[in-house]
Each structure stands twice: as C-alpha cells, then as structure tokens.
1. Could you tell me which numbered condition S156 fails, if it satisfies all but one of (1) crowded, with 19+ Cβ neighbours inside 10 Å; (2) within 25 Å of N238 (Cβ to Cβ)?
2. Can you confirm whether K114 is more than 20 Å from A188 (Cα to Cα), free of Cβ contacts under 8 Å to residues at least 12 places away in the same chain and not small (G, A, S)?
3. Need at least 1 residues that are at pLDDT below 90 per element, so show me which strands (runs of 3 or more DSSP E) inside segment 61-151 make the cut, counting only ones lying wholly within it.
4. May I ask you to list the residues in segment 235-261 that are assigned to a strand (DSSP E or B) and of a type in the set (K, R)?
5. Considering only segment 197-209, I want to know if a residue exists there that is at pLDDT 90 or above, in a loop (DSSP other than H, G, I, E, B) and in contact with a Leu (Cβ under 9 Å, 6 or more places away or on another chain).
6. When residues of segment 125-151 are filtered for being more than 15 Å from T179 (Cβ to Cβ) and among the β-branched types (V, I, T), how many remain?
7. Can you tell which of K309, K261 is basic (K, R) and over 22 Å from I348 (Cβ atoms)?
8. Could you identify the single residue in E297, E326 that is surrounded by 14 or more Cβ atoms within 10 Å (Cβ to Cβ) and touching a Lys or Arg at 6+ places or on another chain (Cβ under 6 Å)?
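The values are calculated or read from the model by the stated rules, or taken from the named source; none is laboratory data. Here the structure is a predicted model, which is why all the values come from computation and not from measurement. Every residue, glycine among them, receives a Cβ derived from its backbone with ideal geometry; neighbour counts consider all protein chains shown.
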Amino acid sequence: MNRKINLIIVSALVIFGVSTANSQPSGAKKAFDSLDKEESSVNKAPKKQAKKVVKKIAKTKNVGKTKNNLAVASSSGTVPNTVQAKGKIVKDEKKNQLQFLDEKGKAIKTIQLKVVEKKKDVYIYRNTIEGLVSDNGQFAGVVTEDAELAEDWYVSSSTFSYYDVSGNKLWEKTNVSMTMPPSYIISADGYRVFLVTCAIDNVYHENKFYLAIYNENGNIVWAFGEFYEISEIFLTKNGKYGYFSANGVINFFNVLEKKIKITPENIRGSANITESGKITINTILEEIDIQENGIVEFYDIKGELKFRKKFNELDSNDLKLLRNDEIESIKVLISEKKSGNISRKKEIFNDQL
C-alpha cells in the first residue's frame, strides 16, 4: 500500500492552445476494431499501471455554446449565478448509461457507458466510455478511450467531451490522463471542470501532466503548470477551492483569488479542503482495506500489513485490532460486495485560504 504523495512544482504556467482539428484514430483503436466483434464487459481496468503514455499535447475544441439560457461563466474565475434549465441529465446505474431528459422526463439523448476488453497474444485492447454528471444535473463529462496494453506498454487515445442538459457537445479536449483516478472533476453547478491531460517528453521519454480548470464553455479559468508526477487532484463542490499533489508536496488553491498555498515538504498525509477554504492534513495512523471478495487487510502506523484474511476467518487477536464501528462498516461493505477503505487519522496541519 503506497501512502506517498508526490509533487514536483514547475513555476511556469502552461497556456493550452485552442484547436479545431479532430483527433485521429489511434493504432490502439484500429487494432481494437479489427478484432473479433465479440465483447466481454469487465468491471475494472487492469491493476497494472502504465509506464508510458504516448500522446500529443492536449488541445481544446469548442463545438457549441450553452443552451437553455444557462448563464455563461467568464474566464476571470467568477462563478456565475445559475439560471435553472428545464430537464436534467441522469446516470442510470442499471443500464450503465447517461440519459438526457427533457422537462417531461423523456430521454432526448443517451450515451452508453462501457469497459470492453479483447486479448490478442500478449496485448490487451481496451475500449472505455465513462461519464460524470454535475450534481445539479445540467452538465455531463464523458471520456472515451481506446488503449493498447501489455506488461510494460500502454498506448492510449482519449477524449474528454462536455455536454449541456440538451445533449449539445459544448467542447472537447484530447489526451486526457487515464493513469490516475480521478483525472477530471466537475463542480456541483457544472461551471468548473478540473482536468488532467498529458503528453510524452521527447527528451526524457517520460509522461508530462498538465493541470487546468475550465469553465463550461471550455475556456481556461486557471492553468497550473507542467508536472512529471501527479498523484491526486481535488475540487470542492462549489468550484472555489481545491488541491493537487505530487512528489510529497500538496498545493492548495483558491480559484476566485488565484491564490496557492504550498505545504512544507515535511508535512505528509491525507489532505482536505472545505467549501469555505479551510485546509487540514491528517496523518494516517492505521488503515483497513476491504476488497469486493471479502478480504480484509489491516495496516499499522508504519504501513506494515498485520493481517490479510477473509472477514469470517479473522481470529480473536485480529478482531482486537478493530473497533466495533469499523467491524459494522466492514460487514455492510461485504454484504453489498463493495470495496472500501477505513482510515484512522490524526490532524497534523491546518490553515485557511
């Protein structure tokens, strides 16, 4: 279990170009399409992380304007007041699709979500369509990826597309990073999108990641720079605050005031920032991981694994390490066949943006 949070800070901001060029099909997509049409859905992407992602620098393509009298956000960082549109977007978990509903609840557009894999020799060809809906149901982001994977190889072509409630595609951006979850976050009102894109460094042959916050029309509100490792991003529901981390340093930011607060390198832990900009960092004392198959792992304060067993195989010594509330939470996750994590934390840093 890796608890390290890494960060490399690069002072220069990256200005992303606007392009009207369509992205071309990747070799991975061509290979995927040429295989047998029989598809097998899978619940998870392979656990193996990519070592290389071959991409070009991402570009934004504006393909439409906000409909239904929604207020337009400015690139200054000011969050506009929302004019409620008729209809809503919902994510149907049973059908695994996004549904764009009119004011009568009738679907005017659907997007089928999926993860499909096909194998040939030592390669895995994966086609992914995943989506996220803003809390108010007025916007949705959809990522489409075609990838070719092997033991030490990962070639991917991916696109992030942003839709309004009427199903209009407002803008899209290519080369979305798919090697870290999450790579995109949408504010509750849909007027802010925090997105990670990537490209290959032609000198060092390593991935470079670009972080930026966009408004609903695809205009950059704030670009943070270029990084070689990004381990986490976060945006508050109101779209006003967030943080990103890599190489041990956490950067908290205030979108409206364009302020960044960098934590000292000796402070490492689990970060959090509230809707009002209150910052806290907690150190993890002990951690419990619960897997979908019912296996429970317990790690001590040093990160050492104390036990890894099926829940019904835990002995009295194992159970002594667990609190009653933790045992009840574990039982619920196992009964629902869900994975989860329980952390015991201690606050080591707090501040205000």
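1. Unmet for S156, out of (1) crowded, with 19+ Cβ neighbours inside 10 Å; (2) within 25 Å of N238 (Cβ to Cβ): (2).
2. Working: more than 20 Å from A188 (Cα to Cα): yes; free of Cβ contacts under 8 Å to residues at least 12 places away in the same chain: no; not small (G, A, S): yes.
It is false that K114 is more than 20 Å from A188 (Cα to Cα), free of Cβ contacts under 8 Å to residues at least 12 places away in the same chain and not small (G, A, S).
3. Result: 114-120, 123-133, 139-150.
4. Result: K259, K261.
5. Taking every residue of segment 197-209 in turn, none turns out to be at pLDDT 90 or above, in a loop (DSSP other than H, G, I, E, B) and in contact with a Leu (Cβ under 9 Å, 6 or more places away or on another chain).
6. 4
7. Values: K261 fails: over 22 Å from I348 (Cβ atoms).
Unique residue meeting the criteria: K309.
8. On the way: E326 fails: touching a Lys or Arg at 6+ places or on another chain (Cβ under 6 Å).
Of E297, E326, the one residue that is surrounded by 14 or more Cβ atoms within 10 Å (Cβ to Cβ) and touching a Lys or Arg at 6+ places or on another chain (Cβ under 6 Å) is E297.
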